[in-house]
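Since the structure comes first, as structure tokens, the remarks are kept for the end.
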Amino acid sequence: MRLTPTEDDRLRVFAAAELARRARSLGRKLNAPEATALVCDDMHLAARGGASYQDVIDAGLDAVSPDDVLEGVPDVAREIRLEVLLDEGTRLVVLREPFGPPSEDGPGAIRFGRGDVPLLPGRRRITLTVTNTSARPVRVSSHFPFAETNAKLTFDREAAGGFRLDLPAGDSTRWDPGETLVVDLVAYGDALGA
């Protein structure tokens, strides 16, 4: 059986979520990967069942309570970002503090350095003109394989093979119906001159 990278990722999330369900059924608190997988699995299931964007968010927030996780999990899992397939297309769902607020100085505390950091210096980049031919808005998130985006986006898909949007992780670009945008793409780390 051949699986796309997205299908392979989905099966990995499901397997980890099943481990989390088993641990929780035995009365054990969940670690960060288990809790995150369970949240993601519930959001995928909601989306697959035809839920709205808000219903998918609610499914994620209801999946695991702060009492279900080990101490420190809110410190290391401060945010969950997940692409789900809804009726209107692929959407990025972001849950902030899904397991409660982090401590100020606990494990995983983020300390920022000074100055700007270049994103992927030396990586091959291309520019494409992309038009949304759909009657609905289409959004593509930063790390989605651009050649595999919604079929209602028209552009040179062959040229886009091995590339993603040149955006920081978690960002996305939106096309309104009929809108044309010029976008920059960056090669994956294992493709085309990385």
Completion exercise
Filtering the range 131-162 down to residues that are under 15 Å from residue 84 (Cβ atoms) and in contact with an Asp or Glu (Cβ under 7 Å, 6 or more places away or on another chain) yields 141, 144
Practice task
May I ask you to list pairs of residues, at least six apart or on different chains, whose Cβ atoms are under 7 Å apart, with the first in the range 112-137 being aliphatic (A, V, I, L, M) and the second being assigned to a loop (DSSP other than H, G, I, E, B)?
Solution key: 119/168; 128/155; 128/156; 130/155; 135/177
Fill in the blank from the handout: Among (1) under 16 Å from the mean Cα position of the chain (by Cα); (2) more than 17 Å from residue 99 (Cβ to Cβ), residue 36 falls short only on (2)
Problem - Those residues of the range 152-184 which are part of a strand (DSSP E or B) and either among the small types (Gly, Ala, Ser) or more than 17 Å from residue 127 (Cβ to Cβ) (or both), in sequence order - result: 172, 174
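Please pick out the residue among 56, 73 that is touching a helix residue (DSSP H, G or I) at 6+ places or on another chain (Cβ under 6 Å) and modelled with pLDDT of 95 or more. Even if it seems obvious, please write down each step before you answer.
Details: 73 fails: modelled with pLDDT of 95 or more.
Going through 56, 73 in turn, just one is touching a helix residue (DSSP H, G or I) at 6+ places or on another chain (Cβ under 6 Å) and modelled with pLDDT of 95 or more: 56.
Regarding residue 121, is this residue under 30 Å from residue 19 (Cα atoms) and assigned to a loop (DSSP other than H, G, I, E, B)? Before you say what the answer is, go through the steps one by one.
Details: under 30 Å from residue 19 (Cα atoms): no; assigned to a loop (DSSP other than H, G, I, E, B): yes.
No: the conditions fail for residue 121.
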Exercise for the section: Name the single residue, out of those in the range 142-173 being open to solvent by less than 40 Å² (accessible area, probe 1.4 Å) and of a type in the set (Val, Ile, Thr), that is nearest to residue 187 (Cα to Cα). Expected result: 149
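Residue by residue, here is whether (1) over 22 Å from residue 143 (Cα atoms); (2) touching a Gly at 6+ places or on another chain (Cβ under 7 Å); (3) in contact (Cβ under 8 Å) with a residue 24 or more places away in the chain; (4) not acidic (Asp, Glu) holds:
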site: 5; (1), (2), (3), (4): no, no, yes, yes
site: 11; (1), (2), (3), (4): no, no, no, yes
site: 14; (1), (2), (3), (4): no, no, yes, yes
site: 38; (1), (2), (3), (4): no, no, yes, yes
site: 47; (1), (2), (3), (4): no, no, yes, yes
site: 62; (1), (2), (3), (4): yes, no, no, no
site: 68; (1), (2), (3), (4): yes, no, yes, no
site: 75; (1), (2), (3), (4): yes, yes, yes, no
site: 85; (1), (2), (3), (4): no, no, yes, yes
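Please tell me if residue 22 is open to solvent by 80 Å² or more (accessible area, probe 1.4 Å) and without any contact (Cβ under 8 Å) to a residue 60 or more places away in the chain. Even if it seems obvious, please write down each step before you answer.
Values: open to solvent by 80 Å² or more (accessible area, probe 1.4 Å): yes; without any contact (Cβ under 8 Å) to a residue 60 or more places away in the chain: yes.
Taking the combined requirement at face value, the residue satisfies it.
The values are calculated or read from the model by the stated rules, or taken from the named source; none is laboratory data. None of these values were measured; they are calculated from a predicted model. Positions of Cβ are backbone-derived with ideal geometry, glycine not excepted, and every protein chain shown enters the neighbour counts. Ligands, DNA and RNA are stripped out before the accessible areas are found, and what is left, the full protein with its side chains, is counted by its heavy atoms. Shrake-Rupley method; radii C 1.70, N 1.55, O 1.52, S 1.80 Å.
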